[in-house]
Amino acid sequence: MKKYMLMVALILVSANAIAERIVAGTNEMSKASGESRSEACKTAKEDALIKRTYDEQLAKYSPCECKQNEKGSWACTVDATLEKTR
């Protein structure tokens, strides 16, 4: 019986470890012109969080990747790793 309970526990733990997904966020839809690099990165992170489902939480962000265009506006993207809540 103990072996069976241990096996079930290991299956549940491994299923939770696999239950991660990565979503990308950008600040492209933001209408704020002239925002700073940090504001553009913050907007990209907020965009990624919008893509969470009700049973997911943020595990971590990747570093923001930002580029400045000719007009001086920043375009940022960031990946967010989401995991299932327990």
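Within the stretch 38-86, the percentage of alpha carbon pairs spaced more than 14 angstrom apart rounds to 52%. For the stretch 35-82, which whole percent of the accessible surface, found with a 1.4 angstrom probe, sits on carbon and sulfur atoms? Within the stretch 35-82, the accessible surface is 49 percent carbon and sulfur. Taking all protein chains as shown and a probe of 1.4 angstrom, Asp79 keeps an accessible surface of around 70 Å².
The values are calculated or read from the model by the stated rules, or taken from the named source; none is laboratory data. Predicted, not measured: the structure shown is a model, and the values here were computed from it. SASA here: full protein model, heavy atoms, side chains in, ligands and nucleic acids out. Shrake-Rupley method; radii C 1.70, N 1.55, O 1.52, S 1.80 Å.
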